[in-house]
Structure formats: structure tokens, C-alpha cells
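Input: a single structure, listed below in C-alpha cells.
The values are calculated or read from the model by the stated rules, or taken from the named source; none is laboratory data. Quick caveat: nothing in here was measured; it's all calculated off a predicted structure. Backbone-built Cβ (ideal geometry, glycine too); neighbour counts: all protein chains shown.
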Amino acid sequence: NSEFPRVVEEVASFVGHVVTTAGWIHRVRELGGLTFIVLRDGTGLLQIVHAPADGPIPALQPEMAVKVTGRVVDEPRAPGGIELRGAIFTVLGRPDGLLSLSLGAPALEAGLDSRLTHAALALRHPAAQHVFRVQARLAEAFRQGLSREHFIEVHTPKIIGTASESGANVFHLPYFGRSAYLAQSPQFYKQMMVGVFGRVFEVGPVFRAEPHDTGRHLSQYTSLDAEMGFIDGPEDVMAVLTRVMGAMLEAAQEAAGQESPLATMPGTIPVVHFEEALALLSDALGEDLTAEPDLAPAHERWLGEWARSQYGSDFLFVVGYPMAKRPFYTMPDLQRPGFSRSFDLLFRGQEIVTGGQRLHRFQDYEKAMMQRGLSMTGLEGYLSAFQYGMPPHGGFAIGLERLTAKLLGLANIREATLFPRDTKRLEP
Ligand code: AMO
């Protein structure tokens with residue numbers, strides 16, 4: 001049979017027919033004279049029952065790649081309600097020796113480190129696949145949601161001449177006799193593209209030379225960026241973010257199945273100003289935090305609990321972060337000196353999004369950079385965008401792996417990353 005195999009998920013729509021499918025042997029067990037084989041591919045699991053009367057089958061062992069042809073029958077006790085009978089197997093690839101991990105159990109019995117080292121095998125486990133299937137839907141819904149709102153997808157350089165966020169956590173690389181950096185964000189380019197398209201988004205890798213070894217930092221992660229022009233204030237950006245995040249959660253829920261509720265999006269996300277957040281924290285923790293320039297992870301966690309008890313919300317916007325802790329492109333809040341028109345979105349007590357309104361007048365950039373002692377050299381191309389009539393604009397960036405981990409309750413961001421890069425890992 002030379003038919004090109006169907007994926008496992010498609011098989012269920014062929015009850016009564018003979019089909020060819022393919023995948024990996026997930027489990028094999030003998031029961032009452034029958035052989036029960038579970039086949040796995042990127043779309044799901046399929047039970048195959050082999051009876052002695054079906055003729056001989058090759059010796060099957062876990063993780064063999066096989067092609068199989070058989071009749072699809074209804075079987076309520078099997079995963080997906082169907083099974084394959086009278087199957088003929090062709091072995092296409094076999095494991096060389098002992099597997100370093102066993103994938104047949106409902107959960108992988110291996111520590112994170114071992115799973116990451118043996119990623120090519122460990123990621124085959126249905127529970128691991130599940131994480132990345134949900135993640136794929138999050139990114140897809142981000143793209144669809146923003147496309148619906150007339151944002152254009154752009155692709156901007158990841159090798160750049162000047163650090164885009166702060167100089168501190170940037171990777172340097174030699175570049176034809178010059179020095180270049182790996183992009184910490186598409187910040188400059190997405191702003192420049194607002195001057196062209198008005199509304200843009202990008203899904204791409206960004207690089208941070210993060211020296212800390214935490215469960216929420218990677219040296220490379222996927223940034224879901226958006227930027228839009230002609231806004232009245234950061235509220236317009238927050239409204240777009242709220243809508244697209246709602247669509248992303250719906251898509252993730254679909255992928256996860258309705259029986260395991262992930263998170264619900266409140267109609268409106270509660271908002272607290274940074275200054276009020278510090279006042280609340282000072283009260284609650286009994287120490288004076290009112291002069292803090294930023295929120296520590298423990299403070300974010302406390303605010304997450306507070307949003308849950310006060311508003312029944314997993315989400316909380318913290319707005320108005322101090323200018324001192326925001327990059328030079330941030331728009332100050334003239335109503336509240338020292339504070340900015342920027343925000344973070346916390347989800348279950350952790351920052352998953354940063355955004356805000358940006359400066360849009362060239363003179364304001366000159367002034368901001370001078371005040372911060374920053375050189376305009378190397379940024380001429382970016383800054384020129386503000387000399388041709390740039391509208392008030394703003395945007396945000398969602399950390400895809402952080403969101404995935406928080407949504408699925410994974411303790412470490414590395415579990416939401418196929419091949420994490422951190423201070424120690426460069427392989428696989
Ligand atoms: P920021 O630097 O806050 O903002 O990053 C935005 C979001 O990216 C995620 N994130 C990370 N995820 C994994 N590992 C890391 N090391 C890491 N660092 C950040 C977080 C964070 O909220 N240009 C601005 C965005 C903007 O204003 O549009 C920026 O990059 O989820």
C-alpha cells in the first residue's frame with residue numbers, strides 16, 4: 001500500500017474504511033491473547049488492536065516509527081472512540097538502543113534537566129506536546145486577532161547596531177570588523193513601521209543576556225510585539241491588548257479542551273496606578289515602599305492575590321511606572337511628574353506584558369536622550385522617523401513563554417520552551 005498516510009486525528013472520520021496512517025509506537029501491551037498498540041503522532045493517539053488471526057506483525061517496540069494500514073471501527077473505550085483493526089505494519093525507523101526516557105506513562109518521570117538534555121525524545125511525550133500545541137494556538141490567535149484589527153505583520157532585523165532596551169543585558173557579536181548586538185526587542189523597528197503602516201505586529205525571537213538563573217528568564221524568548229499609531233493615550237493600547245489577550249485565551253482553551261479550564265478574561269481588566277500599588281503594598285507588608293522605583297517579584301505576587309480577591313481577576317494592569325525605570329522612548333505623564341504613560345500587565349502575579357505610549361516628537365527624543373546621557377550616534381536612522389510626521393503611538397510586547405507557563409501552571413519557563421537558552425544551556 002503506497003497511500004500517503006493520514007495523520008491520526010483524521011482517522012476518526014473514516015469509520016468503516018481502510019486507511020493508512022503513521023506515527024510512533026507509544027505503548028504495546030498483550031491482553032487476553034490480543035495485542036493493544038497505541039500509535040502516537042503530532043495530532044494524537046490511536047489504538048490499534050491486533051488479533052492472532054490478523055497474521056504476523058513485526059516485533060514492535062516503543063518509539064519505532066511505523067506506517068500502518070487497517071480498518072477503522074467504533075470503539076467507545078479507545079481514545080477518540082475509534083480503533084484500527086486488522087492492521088498491517090511497516091517499520092520505517094527503529095530506536096538504536098535503550099531509550100534514555102520512557103514515554104509510555106501519563107507523566108514523564110524525569111527531572112527538568114534530564115528532559116531538556118534529551119529534548120528530542122522528551123518532547124514526544126503527549127504532556128510536553130500539549131504545552132507547545134497550546135503555545136502555537138496563543139501565537140496564532142495573536143496574529144489573527146491583530147490582523148482582524150488591521151495590523152500588518154512585519155519582520156525586523158535581529159542583528160542590530162545599537163542596543164534597543166538598556167545596554168546592560170545585550171549580547172555582542174563580531175560583525176564584519178564591527179560590533180553588533182542581538183536584538184533585545186523589535187522596539188525601534190516597530191515604532192518606525194508605525195510611520196509606514198500605522199499598525200504593525202511581529203512574532204519573533206529576542207535576546208537578553210540574562211545573568212540570573214530564574215524560573216522566568218531566558219536568554220532567548222519569543223516576543224509578541226504590537227505597535228499602533230494615532231492613539232489618544234495608553235488606554236487605547238491597553239484596549240487592543242485586552243481584546244487580543246481574550247482571543248488568545250479562547251484559542252488556548254480550545255486547544256486544552258473545555259474540561260481543563262485555563263483562565264477567564266474579565267470584561268475589563270482592573271487597573272491600579274504604580275503609586276497606589278506601592279501604597280497598598282506598604283500597608284499590607286508593613287514597610288515603607290513608597291519610594292521604590294519598580295515592583296519586585298514578591299510585590300507582583302502580592303498584587304496578583306489582591307486583584308484576585310478584590311476583583312476576582314487573574315489579570316491586573318499596573319500603570320504609570322516611574323520614568324526612571326522605563327527606557328528613553330517612554331512618554332512621561334505630564335499630570336504626574338516622575339511617572340510615565342506606560343504599563344505592565346500582570347497575570348497571576350507575574351509580569352507577562354510591558355507596554356505604553358512612546359515619545360513621538362524628534363525634539364522630545366533629543367531632550368530625553370540628553371537628560372539620560374545617551375548618544376544619538378548609531379540611532380540616526382531610528383530617530384529620523386520622528387522627523388517626518390510621526391503620530392502619537394504606543395504598543396506592547398507579550399512574552400510568549402512566560403504567558404504559556406503561567407497559563408498552564410508550569411513552575412519553570414523552560415518547560416514552555418522547546419530548546420531553552422540560559423546561562424548554562426547552549427545545546428541541544
Ligand atoms: P520588556 O523588556 O518588559 O519590554 O519585555 C516584554 C515582555 O517580555 C517578557 N520577557 C522575558 N521573557 C523571558 N525571558 C526574559 N529574559 C524576558 N524578559 C522579558 C516579559 C515581558 O513582560 N520593548 C518593550 C515592550 C514594549 O514596550 O512594547 C520590552 O521589550 O513577559
Condition first: within 16 Å of the chain's Cα centre (by Cα) and either among the basic types (Lys, Arg) or within 9 Å of the ligand (Cβ to nearest atom) (or both). Now tell me which residues in the range 225-251 satisfy that. Asp225, Ala226
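Residue-by-condition table, conditions (1) closer than 30 Å to Ala256 by Cβ; (2) surrounded by 22 or more Cβ atoms within 10 Å (Cβ to Cβ):
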site: Leu383; (1), (2): no, no
site: Phe386; (1), (2): no, no
site: Pro392; (1), (2): no, no
site: Gly395; (1), (2): yes, yes
site: Lys406; (1), (2): yes, yes
site: Leu410; (1), (2): yes, no
site: Leu418; (1), (2): yes, no
Can you confirm whether Thr43 is within 17 Å of Gly93 (Cα to Cα), touching a strand residue (DSSP E or B) at 6+ places or on another chain (Cβ under 9 Å) and not hydrophobic (A, V, I, L, M, F, W, C)? no
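Report yes if Ala163 is within 20 Å of the chain's Cα centre (by Cα) and either within 13 Å of Leu224 (Cα to Cα) or not β-branched (Val, Ile, Thr) (or both), otherwise no.
Details: within 20 Å of the chain's Cα centre (by Cα): no; either within 13 Å of Leu224 (Cα to Cα) or not β-branched (Val, Ile, Thr) (or both): yes.
So Ala163 does not fit the description; no.
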For Leu426, state whether it is surrounded by 12 or more Cβ atoms within 10 Å (Cβ to Cβ) and either closer than 19 Å to Ile269 by Cα or more than 12 Å from the ligand (Cβ to nearest atom) (or both). no
Take His155 and tell me if it is part of a loop (DSSP other than H, G, I, E, B) and at positive phi. no
Residues that are within 28 Å of Leu241 (Cα to Cα) and over 33 Å from the mean Cα position of the chain (by Cα): does the range 372-385 have at least one? no
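Do you know which residues across the range 158-177 are assigned to a loop (DSSP other than H, G, I, E, B), more than 16 Å from the ligand (Cβ to nearest atom) and free of Cβ contacts under 8 Å to residues at least 12 places away in the same chain?
From the range 158-177, those assigned to a loop (DSSP other than H, G, I, E, B) are 158, 161-171, 176-177; that's our starting set.
Filter again for more than 16 Å from the ligand (Cβ to nearest atom), leaving 161, 176-177.
Matches in the range 158-177: Phe176, Gly177.
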Residues of the range 280-328 being in a helix (DSSP H, G or I), surrounded by fewer than 15 Cβ atoms within 10 Å (Cβ to Cβ) and of a type in the set (A, V, I, L, M, F, W, C), in sequence order, are Ala284, Leu285, Ala298, Ala324
Residues of the range 137-157 being touching a residue at least 24 places away in the same chain (Cβ under 8 Å), more than 16 Å from the ligand (Cβ to nearest atom) and farther than 30 Å from Leu383 by Cβ, which ones? Arg137, Glu140, Ala141, Gln144, Gly145
How about the range 353-428: which helices (runs of 4 or more DSSP H) wholly inside it have at least 3 residues that are farther than 30 Å from Ala119 by Cβ? 362-371, 380-384
So Arg341, is it more than 10 Å from the ligand (Cβ to nearest atom), buried (at least 20 other Cβ atoms within 10 Å of the Cβ), among the charged types (D, E, K, R) and closer than 24 Å to Thr268 by Cα: yes
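Residue-wise test of (1) farther than 14 Å from Phe142 by Cβ; (2) of a type outside the set (Lys, Arg); (3) modelled with pLDDT under 95.
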residue	(1), (2), (3)
Phe197	yes, yes, no
Val200	no, yes, no
Gly204	no, yes, no
Phe207	yes, yes, no
Thr214	yes, yes, yes
Thr222	no, yes, no
Pro234	yes, yes, no
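Only one of these is under 25 Å from Pro420 (Cβ atoms), at pLDDT 95 or above and either loosely packed, with under 15 Cβ neighbours inside 10 Å or aromatic (Phe, Trp, Tyr) (or both): Phe89, Phe132, Phe151. Name it.
Just a single option satisfies the conditions, and that option is Phe132.
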